[in-house]
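Data block below; observations after.
Just so it is clear, none of the values below were taken in a lab; they were calculated from the coordinates. Small disclaimer: the values here were computed from a predicted structure and weren't measured. Here the Cβ is made from the backbone with ideal geometry for all residues, glycine too, and neighbour counts use every protein chain on show.
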Amino acid sequence: MSRIRITGGTARGRPVQAPPSGTRPTPARLRAAVFDSIQFRSGHFLDLFAGSGAMGLEAASRGWEATCVELAPRAAAVIRENARRLKLEVNVVQADALRFVQDNSGFEVVFASPPYTLADLADPYYRIVAARPAAPGGLYLLQHPSSLQLEPERLPEHAELRRRSYGSNTVTEVRLPA
């Protein structure tokens, strides 16, 4: 795998370390496209199932207030070390992502990319959106394999969905009425 590098902002071009195993860093092309699509937004960015923290670090580099939620202690430590080395302010929370969203809200953008190995990969996405950690008018960006189709009827009423594919990965954008 090639080295992970921040694609924009104050840390642009700087390398990000990833835990030696157990994570699947979001590809640079997908990260750049996501941040291009939200460039006129600002506020608090939530990176759930953060893994390497590449999305949260990217957000902080681009001026967002960033929170990374990661359950694995080693991965959370790597995110903290990356933030320190890159001189980025990132709140790293070592916790279960699905529990975290039950008690926290007010995020402008909620990004989620759970392990693709989960038996029912779609379930965490529905649970995250149902918990409503995004502020009214906020945005959910759900990264998943392109073969997965989220079912609109399992999302809150009047949710708007839009899919963008990047090779084998897709980001489903979910907007809820304010």
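Return the calculated 222 nm mean residue ellipticity for the chain, to the nearest 500 deg cm²/dmol, obtained by summing -39500 (n - 2.57) across DSSP H runs with n ≥ 4 and dividing by the residue count.
-8000 deg cm²/dmol
In whole Hz and in residue order, list the ³J(HN,Hα) couplings for segment 112-121 that follow from phi through the Karplus curve 6.51 cos²θ - 1.76 cosθ + 1.60, θ = phi - 60°; x for Gly and Pro.
Calculated HN-Hα couplings, in order: 9, 9, x, x, 5, 7, 4, 4, 10, 4 Hz.
With θ taken as phi - 60° and the coefficients 6.51, -1.76 and 1.60, list the Karplus ³J(HN,Hα) couplings across segment 152-158 in order, rounded to whole Hz; mark glycine and proline as x.
My calculation for segment 152-158 gives x, 5, 8, 9, x, 4, 6 Hz in order.
Tell me which residues come under 5 Å, amide H to amide H, from Thr170 once H is placed; ignore anything under 5 positions away on its chain.
His144, Ser146
Any chance you could list the semi-axes, whole Å, largest first, of the equivalent ellipsoid that the Cα gyration tensor gives for the chain, using √(5λ)?
23, 17, 16
Pull out the extension gain between Gln149 and Ala119, defined as 0.36 nm times the separation in residues minus the alpha carbon to alpha carbon distance; nm, one decimal.
Net length gain for the segment: 9.3 nm.
Hey, got a sec? Which trypsin sites (Lys or Arg not before Pro) in segment 50-90 land in a DSSP loop and have at most 16 other Cβ atoms within 10 Å?
Within segment 50-90, the qualifying trypsin sites (Lys or Arg not before Pro) (loop, at most 16 other Cβ atoms within 10 Å) are Lys87.
Can you work out ³J(HN,Hα) from phi for every residue in segment 101-109, in order, using Karplus 6.51 cos²θ - 1.76 cosθ + 1.60 and θ = phi - 60°, giving whole Hz and x for Gly and Pro?
Here the 3J(HN,Hα) series is 5, 5, 10, 9, 8, x, 7, 6, 10 Hz.
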